[in-house]
Every structure is written in structure tokens, then in C-alpha cells.
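The values are calculated or read from the model by the stated rules, or taken from the named source; none is laboratory data. None of the values given here were measured: they were computed from a predicted structure. Counting neighbours? That spans all protein chains shown, and the Cβs are built from the backbone with ideal geometry, glycine included. Please note that ligands, DNA and RNA were not included when accessible areas were found on the heavy atoms of the full protein model with its side chains. Shrake-Rupley method; radii C 1.70, N 1.55, O 1.52, S 1.80 Å.
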Amino acid sequence: MAVLPEIDMINEAFWTKGRDGKIMIVQCPDCERFIHPPERICPNCLGRNVAPRAVSGDATIYSFTINHQPWLPDMAVPFALVVADIDAAPGVRIAARFETDDIAEIAIGQKLIMDFEEVEDIRLPFFRSAQEAAQ
Amino acid sequence: MTLQKACITGTGMSTVGRNTMRLAIDHLADAALAAIADAGLTRDDIDGICTYPGRSDNAPGMSPLGVGEVRNALGINTRWHAAIPEGPAQFGPVMSAAMAVMTGQARHVLCFRALTESSSQSAGRRASVPTGKNARVSGWLSWYLPMGAMSASNWAGWIATRYFHEFDMTREHLGMLATAQRENATKNPRALMQKPLSMDDYREARMISSPLCLFDCDIPIDGACAVIVSAGDAAKDCRNAPLQIEAMGAALTGKDTWDQRPDLTTMASHDAAADLWQRTDYKAGDVDVFAVYDGFSIFVPLWMEAFGVCGHGESKALIEEGAFRLDGRHPVNTGGGQLSAGRLHGFGHLHEACEQLWHRGGERQVSDAQVAACGAGGGFLAGALLLVRQ
Ligand SMILES: [Zn+2]
């Protein structure tokens, strides 16, 4: 049982349009600020021209945790949850699952790529190891 | 016109337990009536009421009572009432009440927090996991729950991992905090956990969300706590020495998220505590007792650094020294905190700070305590209070 986000006009691109390792992050064209979680108005310059833009999901682990507790009846544990800096969108972090063969070797600074899992109408982002993907 | 500062004049707490099978309103009535009597007041003196967050069905047992239910049950007529779901964390109602009595909206405000998270855990629903009633989540939770980060222990785990990485803290340090707080709990008859916790118990405990194990997480309970916030002039007529709310801090920078704060080795606690010190001549060194939010053990060093007890990343040395222990230089969570006394959502901390300032701490009393610093909340939630005995 996945808990899914409620889609609205502001978050729709993020949750439904991720493709090919790229994620839709809202950016303000007036001041170039990336805005995440997405907003309708740029909190930097108050511009209203913000729009989602496909950005490489390549990322770097800022922090992580290994979850050992099944919070829902059918939750398989353990699994890794990372907070990762999106390399191409300064200031933006994404918190998501990290699917890796080697949960014990996860480290801050580790390089990630983004993948997506389709659940109902959502394309749910998760990370993979850049190194494992290159092998 | 100088506004006269508000005071805390009475506190009350129900018996705190697990699976009590008692109604939330029974816990609440025990706490509220005890607090009113403690202040030397009667129900008819209470003309304001405030709570956090208000009635909520979002997570099981997290907030079964709003001001409406409590007004109705206790037959209280009010000149001012409010529930504060968005504000300086669990101290929102206390700060709002302080402003209400300072501006003459009320004289004596009943602030309360009731939880039945223990007995509400059933059918696979866990306390503090905001699965809600709807199939889909919105708001800030929607950036974590769908990603698999269902629990605050995951979000606190990120903070802990980063803090460990930057400052070479280890699980041993958190273990020292958890075991010391348990020791305090064994001297607090109200505390849920009365059995000592050894470092071996801590080391062997099952992991919840690394690096946080079972004993780094607070304990869901059934219970209630109430605090009376009174106008400064009215407080003088109450039974106890007034505990003046010398300063309050509620500042918040950045967005309401658990992962976007540029430096995750700090929290909103740092914003709120810094703001508190801007509003008083007291300094961190004047504080006799600290009561800081420990939904997770890692919040304790962050709150202590936020209050300026030591520099950023320097808690480790103080923990090693035993400075945060009951007999240390900066006693913290003297009643056991939420880790050992149970999750009363900040109100337990405030209750214990008042016990200390009224010198009712018994075996765990900090000698001649006059000034207490209290911090509530973790992540982007924070409220800070400085209490001074008059
Ligand atoms: Zn802009």
C-alpha cells in the first residue's frame, strides 16, 4: 500500500512527468532560482513566470538513513532513504528511496542517478547508485 | 505602555500510561483540574483556553481534543479561545496565551495537550505515522510519505547522520543522553519508564531508522498535561510563586520542510532560540535547568547548541563530560524527557521545568533552580521559552 501524493496544478509535473533520469523541477525564468518543493510564485523575486523544467536527476547524497521499522503492514525492510542534492539544480534536495545492492556501503557524497516507479498516475522518483548503473 | 509579562501559575498532569483504555477527556480533566487547583484558582477564574494543534484525525490519537470539546466538558465560559496548528511548535498555545493575557483578552488561560497515541495504535496504524483518512496526502507531508519516509524517525535520522558525519558524534553519545535521561526518569514518579537503561541495553536495541535505535525515539502514551498562563498582575494572587515568561522565541527561516534547510545540523530550534536571546538580558549561562524537545535523542544536542550552551558541533564534548546529566553543569530533561517519561508533546518538558522552578523535583531537584529554558519541536517546528521564578 503506497501512500501517494494528491496532484495539483503546482506539483503535477514533478509527480507525473519524470522521464529518462530527468525530473521536473520548477524554476523562475526571471531570476533562475530553482524552487522545490514547487511554488506558484518565486520566493526570491516574486515573479509569476515559474515553470517546471526537466533537470538531470543526477545527485549527491547529503544525508541518509536506513529504515528498519515497517510503518505499514506490508512494508519490506530494511531500505535506504536519502536526502540528495540535485547536481544541476543548486539549492534543491530530493528525499527519496535509494535502491542499492550494498546498503552497508552507503555514504555521504555518493553519486546517484534517478529512476522512476509507476504507481497509478504517479511516476515516483527513487535513486540508484551511479557506479552500479555504470557497471 | 509597557506590557507586563505573562506568568505560568499552575500545572497539572494526568497519570501517563500505555493502553490506559481511558477516554482522552478523562486524562484531560485530571490534568486541567489539577492545574487550576495548583494555581489556587477555580474553574470560574479560567477565561481563556488554548491548545496545539486542535482536534485532528490526521494521525491516530495525536490530538483527540480541541478547545471545543474541553470547553464543553468542563463547562468553561471564555473571553478568548484558540487552537494553534501552525505556530511555534507545541509551545504555540503557551505563547499565544501569554500574548492574550498581556493584551487583556483574558486573565487566566488554560493551555493543554492531550494524547491517546498508545491506545490508538491498532489494526496496523502506528502513532505519529500520519496515514490520515484520505487515500492521498497533500502539504509538506506529501514530499516524504510517498517517497517511503513515513516516520519522523526517518527525517530525524537524516539530521543525525549528517550531524554524525560533520562532528564525529557516535551512537555512544546519544546512548549517554538516553541512559542519563532514564536515570532521571527513575527519580520522577510521573515518568512512564521506571526501569534503569544501561549502555548495553542501548547498544543492543533494535534499529528504527539509522543511526537511531529504539531508545533514541520517544514513547507514545495516553495522557494529558495542562498549564495555566496568567496575566502578570493576576499571577501575584495565585498560590505558587509566579514563573514569569521572560522571553519567547518563535523565529523561523526557510521553508517548512525536513530536508531543504541548507544546514541539516541545525533546525528551526536555532532560529527560535536566537530570537529568544534577542528579547532578554539573560544569557545561556544564567539558565539552571533545560527542558528541550527529545522526540528523538539527536534533537537534544541540537537544541542545546541552539540555546548557545556551546558552539555548533560542540555538544559531543559536553556529553562526554556529563554536562547534560542531572549533576552536570547544564542539566537537561531532568524528568526523563519524552524518551523516558512519555510523549506529551513539549508540555511534559514545560511541566518539568515548572516543577524544578517551584522546587518540587524531589530526588531530581536541581538545587535552587530559578531560570529554565524550554524548547519544543524538531525539524522546522520550534518554539522557545525562558522562565524566571519571581
Ligand atoms: Zn525569481
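Assorted remarks:
- The stretch B:154-306: C-alpha gyration tensor shape, a/c 1.5 cut-off, then a/b vs b/c: oblate
- Set B:K255/B:K283; B:K5/B:K187; B:K5/B:K283; A:K22/A:K111 screened for pairs whose C-alpha atoms are more than 24 Å apart: B:K255/B:K283; B:K5/B:K187
- Karplus-based coupling profile of the stretch B:372-380, in residue order and whole Hz: 10, 10, 10, x, 10, x, x, x, 8, with θ = phi - 60° in 6.51 cos²θ - 1.76 cosθ + 1.60 and x standing for Gly or Pro.
- Distant-in-sequence amide H partners of B:S209 (H built 1.01 Å from N, under 5 Å): A:H68
- When DSSP beta bridges are restricted to pairs lying wholly in chain B, around 70% turn out antiparallel.
- Near B:A234, once Lys and Arg are set to +1 and Asp and Glu to -1 for all other residues with Cβ below 11 Å from its Cβ, the sum equals -2.
- Averaged over A:2-9, number of beta-carbon atoms from partner chains that fall within 10 Å: 6
- With the highest mean first, a sort of the peptides B:14-22, B:361-369, B:33-41 on other beta-carbon atoms found within 10 angstrom per residue produces B:33-41, B:14-22, B:361-369.
- Neighbourhood net charge (10 Å Cβ-Cβ; Lys/Arg +1, Asp/Glu -1) for A:P52: +1
- A cysteine counts as unpartnered when no other cysteine's C-beta lies under 4.7 Å of its own; in the protein assembly as shown this applies to B:C7, B:C50, B:C111, B:C213, B:C217, B:C225, B:C238, B:C310, B:C354, B:C374.
- Taking amide H as placed 1.01 Å from N in the peptide plane, B:V292 has its amide H under 5 Å from the amide H of B:N333, B:G375, each at least 5 places away in sequence or on another chain.
- The stretch B:21-57 versus the stretch B:159-238: alpha-carbon centroid distance in Å: 25 Å
- About the Cα centre, charge dipole magnitude for the stretch B:213-285 (Lys/Arg +1, Asp/Glu -1 at Cβ), debye: 240 debye
- Helix-only arithmetic for chain B: the sum of -39500 (n - 2.57) across DSSP H runs with n ≥ 4, divided by the residue total, places the mean residue ellipticity at 222 nm at -8500 deg cm²/dmol.
- Global form of chain B, assessed from the alpha-carbon gyration tensor, a/c cut-off 1.5: rounded
- Counting Cβ atoms of other protein chains within 10 Å of each residue's Cβ and taking the mean over peptide B:148-161 gives 6.
- Cα gyration tensor shape for the stretch B:218-287, rounded if a/c is under 1.5, else prolate or oblate: oblate
- Rounded to the nearest 20, the Cβ-based charge dipole of chain A about its Cα centre (Lys and Arg +1, Asp and Glu -1) stands at 480 debye.
- Each DSSP beta bridge with both residues in the protein assembly as shown is either parallel or antiparallel, and the antiparallel ones are about 80%.
- Share of carbon and sulfur in the accessible heavy-atom surface of chain B [1.4 Å probe, %]: 49 percent
- The peptide list A:68-76, A:2-10, put in order of mean Cβ contacts within 10 Å with the highest first, becomes A:2-10, A:68-76.
- Karplus 3J(HN,Hα) series, Hz, for the stretch B:145-162 with 6.51 cos²θ - 1.76 cosθ + 1.60 (x for Gly, Pro): 4, x, 6, x, 8, 7, 10, 4, 5, 5, 5, 5, x, 4, 4, 5, 4, 5
- Close amide H contacts of B:R79 (hydrogens built in the peptide plane, cut-off under 5 Å, sequence separation of 5 or more or a different chain): B:G48.
- Heavy-atom surface analysis with a 1.4 Å probe gives chain A a carbon and sulfur content of 48 percent of its accessible area.
- Estimated inter-spin distance, A:I10 and A:L72, nm [label 7 Å along Cα→Cβ]: 2.4 nm
- Per residue, in Å², the accessible surface of the stretch B:256-302 once ligands and nucleic acids are set aside, probe 1.4 Å: 32 Å²
- Phi-derived couplings, Karplus 6.51 cos²θ - 1.76 cosθ + 1.60 at θ = phi - 60°, listed residue by residue for the stretch B:287-298: 7, 8, 9, 10, 10, 10, 4, 10, x, 9, 3, 4 Hz, with x used for Gly and Pro.
- Solvent-accessible area buried by pairing A with B, both sides, nearest 100 square angstrom, 1.4 angstrom probe: 3500 Å²
- Shielding by partners for peptide B:136-144, expressed as the average number of C-beta atoms from other protein chains within 10 Å of each residue's C-beta, is 5.
- For the stretch A:12-134, the solvent-accessible area of protein heavy atoms averages 47 Å² per residue (probe radius 1.4 Å; ligands and nucleic acids excluded).
- For chain B, the residue among B:A135, B:F91, B:A149 whose Cα projects farthest onto the positive side of the dipole built from Cβ charges is B:A135.
- Ordering A:Q27, A:P37, A:P125 by the projection of their Cα atoms onto the charge dipole of the stretch A:12-134, which places +1 on the Cβ of Lys and Arg and -1 on the Cβ of Asp and Glu, puts A:Q27 at the extreme positive end.
- Its Cα centre serving as origin, the stretch B:1-99 has a Cβ charge dipole (Lys and Arg +1, Asp and Glu -1) of approximately 80 debye.
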